[in-house]
Amino acid sequence: RRHHNETTIMNASFLYIALILCCHSVFVVALVTAEAFNLHQATTNTVSSRRKAHQTYLKKFVPSSARSKSSTQIASVMTNSLEVVLPNWRDVDVHAADNGGDGTVCSPFCHPLSKTSSSSSATAASWSDAALQSGLDLYERIKSCQDPFISSALTSAIHDLEMAYRLYGPFCMVGSYNGGKDAVVIFHLMRAVHAHYCHEMQQKAIESNNNGEEGTESSVMIPRPRVIYFNNEDEFPEVLDLLQDTVGLYDLDMLAFKEGVSFGEGLQYLVERNFAPGKNGLSYYGTNKESLLHLPPPHPLAFILGTRSNDPNAGSQNIYAPSSHYMPPFLRVNPILNW
């Protein structure tokens, strides 16, 4: 009888433990299911909110005739309408331009003001106040960094970029921004220096005006930072999302070369057409390639790169390095070469 009672108690204990484990499993499954449902709902809500925001954007900024068109078509309609919005992202097909496509913008980073005549003006896009202030804040944080591990590298990189800006100016500095980790680093360093340099340039113009010298605040445009990207079919969607989000967030001027355009072709396109605008941001725009023959030589360009000394393509490059002999002439600026 004692053995029977012990067996009964043991069986009851096993049943109790099994019941607890079963309840726990059901609870875990329910919890995971609920979390998955909540995640699905959040994703659905996010997509829905993005769609609503996009529709609001279209209604606010895009003419009704363009709302059903692609982004490239929208940019075209917006440029030719009264509601002109200078796009942050433009796709460039150098082959179409060379074959006499829809017109050649002599200064690629400038935006044509009119396409109704064969020769008119184009303008650089002015940097937004919010993006400028964000760059100034970043510059101050970098300059005040006391972290012994990174502060000296930051100081050196900022100094090297400032010297390049001093020589080339904001209209002739172009960042290579492909979404990689090194490119992201140099992009943020670039926007910090771009903001500081342009702000100082504007302050000097104000002081000159106050002293009775030529120059006023309105005569000095602060252009958007200029970046380039080469599209390729194997790109990760997340990288493209990062690029598109940051180009809009920091109000950049992005020229994205279409698939099939080589690095040499894209850089040649920029170097040959860099007719830098004046202080008011205006530049030449033409649809006749022969008109290029009557313009002054293009301004030299400097490209900010994320090359580091241990990269396979670094070779014997220094912080400032002329382009290779087989490439168009430009200066390579490598602010994180020794990181």
Exercise. When the label point is put 7 Å from the Cα of Ser152 along its Cα-to-beta-carbon vector, which residues of segment 302-339 have a backbone N closer than 15 Å?
Worked result: 338-339
Seminar exercise, completed: Length gained, Val85-His299, 0.36 nm per residue minus C-alpha separation, equals 74.4 nm
For this session: Arrange the peptides 247-256, 154-163, 168-177 so that the one whose residues have, on average, the most other Cβ atoms within 10 Å appears first.
Result: 168-177, 247-256, 154-163
Exercise. What length, rounded to one decimal in nm, is gained on full extension from Glu272 through to His199, with 0.36 nm per residue of separation minus their alpha-carbon distance?
Worked result: 23.4 nm
Seminar exercise, completed: In nm², the average projected area of the convex hull spanned by the Cα atoms of segment 162-252 is 6.6 nm²
Exercise. Just how much of Val85 is accessible, in Å², when a 1.4 Å probe is used and the result is rounded to the nearest 10?
Worked result: 40 Å²
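The values are calculated or read from the model by the stated rules, or taken from the named source; none is laboratory data. Keep in mind it's a predicted model, so treat the numbers as computed, not measured. All Cβ positions, even for glycine, are placed from backbone atoms using ideal geometry, and neighbour counts span all protein chains on display. We work out accessible area using only protein heavy atoms, side chains counted, and drop any ligands, DNA or RNA first. Shrake-Rupley method; radii C 1.70, N 1.55, O 1.52, S 1.80 Å.
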